[in-house]
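Structure record follows, encoded as structure tokens.
All of the numbers you see were taken from the coordinates with simple rules; none came from a lab. Since this is a predicted model, take the numbers as computed values, not measurements. Neighbour counts are summed over all protein chains in view; Cβ atoms, including those assigned to glycine, are modelled from backbone coordinates with ideal geometry.
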Amino acid sequence: MAVPEPLRMELTNAARRASERAYCPYSRFRVGAAVLTEDGTIVAGCNVENASYGLTICAERNAIFQAVAIGQARVRAVAIYTPTPSPSAPCGACRQVINEFGPDAEILSVCDGPDVLHRTLADLLPNAFGPKNLAP
């Protein structure tokens with residue numbers, strides 16, 4: 001089910017605000033994300049870097065994990081804000097995590113420019129491997 005425009009705006013605004021809290025002393029690349037859960041809750045997250053760079057977490061995963069932590073494990077949509085002239089899609093690791101909790105999720109990527117990337121997760125991660133592939 002498509003997310004109505006007013007809710008999309010609320011979601012993308014939450015992602016923009018979350019980017020202001022990013023901890024990114026190494027890349028200086030502030031990313032914010034917000035997820036819309038099945039019951040309409042919006043949960044935001046930002047990227048959090050670490051000197052041991054492999055321990056860094058992307059904003060999208062941060063938001064999803066926070067949603068799961070409050071008992072909201074079904075994701076309807078994910079909004080991502082990057083401080084770039086054109087929108088950036090989620091990385092492969094984030095796509096896989098989104099698939100775990102929202103295989104039918106809408107993805108909205110916004111930026112400082114006028115363009116918006118609006119796709120389904122299936123468009124960005126075709127033939128995804130996930131819970132549906134595991135034996136009962």
Show the residues, 5+ positions off or on another chain, whose built amide H is closer than 5 Å to the amide H of A105.
-> L121
Result row for the chain, helices from DSSP H with C-alpha axial extent 30 Å or more and mean Kyte hydropathy at least 1.6, is none
Place a +1 charge on the Cβ of each Lys and Arg in the chain and a -1 charge on the Cβ of each Asp and Glu, then give the dipole magnitude about the Cα centre in debye, rounded to the nearest 20.
-> 240 debye
Tally the DSSP beta bridges in segment 5-133 and give the antiparallel ones as a percent, rounded to 5.
-> 75 percent
Sorted largest first, the Cα spans of segment 5-133 on the principal axes come out in Å as 38, 34, 28
From the residues G102, T12, G40, which one has its Cα farthest along the dipole of segment 1-121 in the positive direction, the dipole being from +1 and -1 charges on Cβ of Lys/Arg and Asp/Glu about the Cα centre?
-> T12
Trypsin sites (Lys or Arg not before Pro) in segment 1-81 lying in a DSSP loop, each with at most 11 other Cβ atoms within 10 Å of its Cβ, come to R28
Based solely on its DSSP helices, what 222 nm [θ] is calculated for the chain when runs of n ≥ 4 H residues each add -39,500 (n - 2.57) and the sum is averaged over all residues, nearest 500 deg cm²/dmol?
-> -8500 deg cm²/dmol
Scalar couplings 3J(HN,Hα) for segment 21-33 by Karplus 6.51 cos²θ - 1.76 cosθ + 1.60 (θ = phi - 60°), nearest whole Hz, x for Gly and Pro, are 9, 4, 10, 9, x, 9, 8, 6, 10, 7, 10, x, 9
